[in-house]
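Step one of this worksheet: look at the structure below.
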Amino acid sequence: MQTQFGSAVFPRLLRRSLSYIPSILYSLHSLLNLFHFFRFLSNSSPQSQKHKEMASPFLSNTIISFSSSLSSSSSLPRLAPSIPFSAIRSKSTPRRILTVRSKIREIFMPALSSTMTEGKIVSWVKSEGDVLSKGESVVVVESDKADMDVETFYDGILAAIVVGEGETAPVGAAIGILAETEDEIAEAKAKAASKSGASTPSAPPPAPTPAAASTPAPPKSTPAPAAPTVAEGPRKTVATPYAKKLAKQHKVDIESVVGTGPYGRITPEDIEAAAGLSPSKKNVGLAVVVETKPAAPAKAPAASAAPSSLPPPVPGSTVVPFTTMQSAVSKNMVESLSVPTFRVGYPVTTDALDALYEKVKPKGVTMTALLAKAAAMALAQHPVVNSSCKDGKSFTYNSNINIAVAVAINGGLITPVLQDADKLDLYLLSQKWKELVEKARAKQLQPQEYNSGTFTLSNLGMFGVDRFDAILPPGQGAIMAVGASKPTVVADADGFFSVKNKMLVNVTADHRIIYGADLAAFLQTFSKIVENAESLTL
Amino acid sequence: MHSTLSFSRATTVPTTNYAFHSQSPINLRFCGLRREAFGISILTRSSSGRVRLSTRGRSKRISASTGNNGTPPKSFDYDLIIIGAGVGGHGAALHAVEKGLKTAIIEGDVVGGTCVNRGCVPSKALLAVSGRMRELQSEHHMKALGLQVSAAGYDRQGVAGHANNLASKIRSNLTNSMKALGVDILTGFGTIVGPQKVKYGKVGFTDNIVTAKDIIIATGSVPFVPKGIEVDGKTVITSDHALKLEFVPDWIAIVGSGYIGLEFSDVYTALGSEVTFIEALDQLMPGFDPEISKLAQRVLINPRKIDYHTGVFATKITPARDGKPVIIELTDAKTKEHKDTLEVDAALIATGRAPFTNGLGLENINVVTQRGFVPVDERMRVIDANGNLVPHLYCIGDANGKMMLAHAASAQGISVVEQVTGRDHVLNHLSVPAACFTHPEISMVGLTEPQAREKAEKEGFEISVAKTSFKANTKAQAENEGEGLAKLIYRPDNGEILGVHIFGLHAADLIHEASNAIALGTRIQDIKFAVHAHPTLSEVLDELFKSAKVKAPASTSSPISEPVAA
């Protein structure tokens, strides 16, 4: 009986207390908020002091209006003095007509609750350059209790954001600058810069010179002056919604980013790369390979990871940041370090291949197509070399043989993919290759045209390189590095000397799945196919 | 019934000053709600099999049957015939059987109509997936609950299969429920040939003529595609195609930010797409209460991979072909000047829905549609070209455009059955709730705040607004889903509820307490004494009613008093 009684009462009490706690808290807020809102600041000119009205806080977590004039040097008058003062000011309406020419106001971090000492900017509802009208919400602030919209009391232009999204600022600190007219934006920016110099080191402060007032418009803060001309060019920049958001967030000038997405559009990954961030998504799809000299690019990120070991820059050196594509290469190269690779080399006699090449060249067949076809045919017999290890636990056998071929394009490297290279005949393959290269130059490769490779081919033979070794791109099992074919004196089993064309191929493979014997057998098959080149035309 | 939906949402006009006779369908405001929908005079419709075929049939028919047209038959095959077996027709049929009417339903396509096959039902399946994906992907949210989940992924085929299975399951439920009750399902496209007389038949078969004492038109609607937009069903699609989820584009533009657009943005962003909204009006989500849409924008748009263009029309959309992406020409809504060109991977046209009433044979009974919609009075009785009521003919659901919601159609159908069985009944549309199944959900009933203020000013009464936050709700906090707001618009003098708007966890399920109160005329001073289990989300509404300040005292007798005027 007793227990029953007890259990009936307890939840009820609990419920009461629970459901009323929040409402008590909220009403407490609104009271305190009232006080905080009556804060105001003086403008540089005494006439411009205005009384700040406030929206009645219907519910404490609704909309809170806040904005005030720029402070001169006087300390911010807070709670106590503000209430009577503003009450007086509000009556002196005639004085308001005497507006001052320059109206630059700061938007402050409001005190949204009694216990709030600092607030985090959840998001800027408006962005720099947006025209604001009285009563519009400008920024969302997260207090220790809730997120609230902060409104402006003035019409104007949001000249500068001092505290960016995700950053925090103490109560009363300027988080943004409001200019009344466009002419004042420059001045406001200068002010913002001096502010941000103190609070956020991220924004580059253009020196606020005294001459700033007389010169029409100081250059826009961040980008190089070349940027606008890019925008006016014939090709317009296309960036995805998230890319735009990221660019804003990380203060990346979107016009300066080279898009690597479909149709050359700027993707979020491009922005992340430009901002020097590690991409949020793994394996974004850009499988890029670098040949022998990866030491230099690979060094950069490694160095940045351990700045202490970085040697001091040589005087007079220039620092050129990576383009998006170079960043992607760099990222992939570092990623490749996690794969245990080994290399196997093999000399291949190419007389038959060279003869065939001479024969089919007039028909538009390229050496790349011949080599890709030969590799694909060999892979068909050695599926393990065409497999990949995605998770460190299993083989992933690819159903298609897609040969990626590394191509240098100005300032970068891309690997267009010849899909189903074992199934297509030489002529189709050559035609396909021509298309891919054209597309790659025009930056119009579709993602599946550069990231679907299952095996990569890299050829430096045309430069006279006799041998080199390649880095295995993430997500593939093996890569073949092809050197130049050179006349070589060979002795046969009977001791007869002859001169044959030989080229050295060197395959780098993931030893988790492909072992030495696998690779050796594959290379032997490859060599046989090349030595009996006629089979390539079948 | 599974009639919660959002897909049969209205095609409505942009603003009140919109010219009634405008020639340009581009001017239409899409995805509005709660206002009477105006039709579209120029329809570019592809799926008009019924229209064409029945037109052919009809001309034949007319010559053959002019003799007895105009004279209603003496005895009838059925008491009630319903043309269209969507949710509206189904609701009417079930109620008619309950009332003892001999009922037949004519369906030319599949039972279930838009809602079940191409609307609310499959979209809920996709949204169920997107909700879970969103949750699993939210590392922050999971961590706060102490959960650890390794990378969440999805199989597109599996997701599409789930939506398809759900639709067929609901469809067979619907069919079986009607068969079990003895409703005759007549297959073919129905055409009215004269008073109380309907012809139906399949293509290539002879037509059958049936007579009925009363006829209900419930033919529904199809997606509306504005002029200049080329739908190829692959890269430029409507909700019909999108629900099949044949591919998930990297970047999709959604034209129209009403219910349909908003729900699909939820689905696509959860599955990894980026979304660009194109909205003709100056703000997103134009049909919602402004405060709710503002909050919704903060939660559903700003933090997601979504951007938007407002105040623009998509005047030309070309599907992806010849190695080019989908190209969208944007025109400024006011200046009519070219504004921008977008290149995206896909475009979803979610600009509302157009009535599907062509070929119904309405001219045989002298009824002229208004931009496709069948004109009706408040009792769903069809009005002819001379402004007279057509006896024994009713039109419900999207086809009349009063309120383009599946459950509204069903309610209208029930109302009609009540009338033909001798009880006068007028449906109060202000008591019909609506919901948008984003994460979190949005729901509403009655008037928005601006509408209520306008009405208050006109009729000279005062209104007040009360609000509660989900942050103060224990259950919402336990779920770690405190984002949300409930808003009540009411009359402080007599406690009448004018509108309730909810944005938050399970808002769609929470709205019914308010819609029932409006339907039954319950006043705030009475409902605030109703008890809610603790801790539940329903306490959000409990708090809301309790925070209202009503001058009138609670009624002494039953809380259910006279109904609220519509």
Worksheet, complete the sentence: Subset of the stretch B:290-314, residues away from chain A (no Cβ under 13 Å) and either touching a Lys or Arg at 6+ places or on another chain (Cβ under 7 Å) or surrounded by fewer than 18 Cβ atoms within 10 Å (Cβ to Cβ) (or both), comes to B:THR310, B:GLY311, B:VAL312
Worksheet item: In the stretch A:230-253, which residue that is at pLDDT below 85 and closer than 25 Å to A:LYS439 by Cα is farthest from the other protein chains (Cβ to nearest Cβ)?
Response: A:VAL230
Item to complete: Name, by its number, the condition in (1) without any contact (Cβ under 8 Å) to a residue 40 or more places away in the chain; (2) more than 28 Å from B:GLY261 (Cα to Cα); (3) not in a loop (DSSP other than H, G, I, E, B) that does not hold for B:LYS471.
Response: (2)
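Yes/no per residue for (1) within 14 Å of another protein chain (Cβ to nearest Cβ); (2) modelled with pLDDT of 95 or more; (3) under 20 Å from A:TYR263 (Cβ atoms):
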{"site": "B:PRO325", "(1), (2), (3)": "yes, no, yes"}
{"site": "B:ALA333", "(1), (2), (3)": "no, no, no"}
{"site": "B:HIS338", "(1), (2), (3)": "yes, no, no"}
{"site": "B:LEU342", "(1), (2), (3)": "yes, no, yes"}
{"site": "B:GLY352", "(1), (2), (3)": "no, no, no"}
{"site": "B:ASN358", "(1), (2), (3)": "no, no, no"}
{"site": "B:LEU362", "(1), (2), (3)": "no, no, no"}
{"site": "B:VAL368", "(1), (2), (3)": "no, no, no"}
{"site": "B:GLY372", "(1), (2), (3)": "no, no, no"}
Worksheet entry | Close pairs (6 angstrom Cβ cut-off, 6 or more residues apart or separate chains): over 12 Å from B:VAL110 (Cα atoms) in the stretch B:167-180, small (Gly, Ala, Ser) anywhere | B:MET178/B:ALA93
Worksheet item: Which one of these does B:GLU483 not meet: (1) out of contact with any Ser or Thr (no Cβ under 7 Å at 6 or more places or on another chain); (2) within 11 Å of chain A (Cβ to nearest Cβ); (3) farther than 18 Å from B:ALA296 by Cβ; (4) at pLDDT below 95?
Response: (3)
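Considering the stretch B:246-273 alone, what residues qualify as being part of a strand (DSSP E or B) and touching a helix residue (DSSP H, G or I) at 6+ places or on another chain (Cβ under 9 Å)? Spell out how you get there, then give the answer.
Of the stretch B:246-273, the ones part of a strand (DSSP E or B) are B:251-255.
Selection gives B:TRP251, B:ILE252, B:ILE254, B:VAL255.
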Worksheet item: Between residues in the stretch B:184-206 that are assigned to a loop (DSSP other than H, G, I, E, B) and residues that are of a type in the set (Phe, Trp, Tyr), which pairs lie under 8 Å by C-beta distance while being six or more apart or on different chains?
Response: B:GLY188/B:TYR200; B:GLY188/B:PHE205; B:GLN196/B:PHE76; B:LYS202/B:PHE189
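On the given criteria, is B:GLU496 within 14 Å of chain A (Cβ to nearest Cβ), surrounded by 17 or more Cβ atoms within 10 Å (Cβ to Cβ) and farther than 24 Å from B:CYS120 by Cα?
Numbers: within 14 Å of chain A (Cβ to nearest Cβ): no; surrounded by 17 or more Cβ atoms within 10 Å (Cβ to Cβ): yes; farther than 24 Å from B:CYS120 by Cα: yes.
Judged against the criteria, B:GLU496 is not a match.
Every residue, every condition in (1) surrounded by fewer than 22 Cβ atoms within 10 Å (Cβ to Cβ); (2) outside any loop (DSSP other than H, G, I, E, B); (3) out of contact with any Phe, Trp or Tyr (no Cβ under 9 Å at 6 or more places or on another chain), yes or no:
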residue: A:LYS432; (1), (2), (3): yes, yes, yes
residue: A:GLU435; (1), (2), (3): yes, yes, yes
residue: A:LEU457; (1), (2), (3): no, yes, yes
residue: A:VAL465; (1), (2), (3): yes, no, yes
residue: A:PHE468; (1), (2), (3): yes, no, yes
Item to complete: Examine the stretch B:466-477 for a residue that is farther than 18 Å from B:ILE292 by Cα, among the basic types (Lys, Arg) and surrounded by fewer than 21 Cβ atoms within 10 Å (Cβ to Cβ), and state whether such a residue exists.
Response: yes
Discussion item. Which condition from (1) outside any loop (DSSP other than H, G, I, E, B); (2) of a type in the set (S, T, N, Q); (3) surrounded by 24 or more Cβ atoms within 10 Å (Cβ to Cβ) is the one that B:THR276 breaks?
Written reply: (3)
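For the condition among the β-branched types (Val, Ile, Thr), surrounded by fewer than 24 Cβ atoms within 10 Å (Cβ to Cβ) and either touching a Pro at 6+ places or on another chain (Cβ under 8 Å) or within 19 Å of B:CYS436 (Cβ to Cβ) (or both), what is the one hit in B:ILE502, B:ILE463?
Values: B:ILE502 fails: surrounded by fewer than 24 Cβ atoms within 10 Å (Cβ to Cβ).
That would be B:ILE463, the only listed residue that is among the β-branched types (Val, Ile, Thr), surrounded by fewer than 24 Cβ atoms within 10 Å (Cβ to Cβ) and either touching a Pro at 6+ places or on another chain (Cβ under 8 Å) or within 19 Å of B:CYS436 (Cβ to Cβ) (or both).
The values are calculated or read from the model by the stated rules, or taken from the named source; none is laboratory data. This structure is a prediction, so every number in the text was calculated from the model and none was measured. Note that we place each Cβ from the backbone using ideal geometry, even for glycine, and neighbour counts take in every protein chain shown.
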